[in-house]
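Here is the structure we will look at, set down as structure tokens.
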């Protein structure tokens, strides 16, 4: 009988959860640059070998923590109209990027990705914003015949709000969401 399990001891769910919580806490307390694998292990109450057995870098841990949290936090409920679907998602996105520890982690990773190709690659491979946006876009696509391919539609949906928040001009976002949704619906053909 063969198994697909990696060599070594099995991954402990309790240790994994402790590490993911530790990386979130340390990011808020110290920032990305000051975080170390040793500090993450100490905060989680596990050995460094345990951490390194599962992740090679702090970015990998932070990505996993962010993706896990984002997929929970960015679940937009089904709405009756494309306008309501898009508006609801963008409101969740604003809350995620401005208030959520996972959103703050995502923003830290975006900053690191500007000069670290490995982090950029990790984000491209597992972008939680894109995955959450795709779900909403798949729901509204049947009613919007002019919607571009999914990657471009994700960029058009997430990009303006993301930029406003990253550029620290996050005032008036409710009005911005309304204008953005109006523009997308006009462009994508309601």
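The values are calculated or read from the model by the stated rules, or taken from the named source; none is laboratory data. This is a predicted model, so every value here is computed, not measured. Every residue, glycine as well, gets a Cβ built from its backbone with ideal geometry; the counts of neighbours run over all protein chains shown.
Descriptive notes on the structure:
- Matching residues, segment 43-75, being crowded, with 18+ Cβ neighbours inside 10 Å and assigned to a loop (DSSP other than H, G, I, E, B): 46, 55, 74
- Residue match in segment 2-16 (condition: surrounded by 14 or more Cβ atoms within 10 Å (Cβ to Cβ) and modelled with pLDDT under 90): no
- Subset tally (residues that are farther than 16 Å from residue 122 by Cβ and surrounded by fewer than 19 Cβ atoms within 10 Å (Cβ to Cβ)) for segment 26-42: 10
- Filtering segment 145-154 for residues that are in contact with a helix residue (DSSP H, G or I) (Cβ under 7 Å, 6 or more places away or on another chain), in a helix (DSSP H, G or I), loosely packed, with under 14 Cβ neighbours inside 10 Å and not assigned by TED's automatic domain parsing to the domain that holds residue 23 leaves an empty set.
- Taken together, the residues in segment 34-84 that are modelled with pLDDT of 95 or more and within 12 Å of the chain's Cα centre (by Cα) amount to 0.
- Just one residue in the set 99, 119 is on the phi < 0 side of the Ramachandran plot, surrounded by fewer than 14 Cβ atoms within 10 Å (Cβ to Cβ) and in the same structural domain as residue 151 (by TED's automatic domain parsing); that residue is 99.
- The residues in segment 160-169 that are under 16 Å from residue 184 (Cβ atoms) and surrounded by 13 or more Cβ atoms within 10 Å (Cβ to Cβ) can be counted, and the count is 4.
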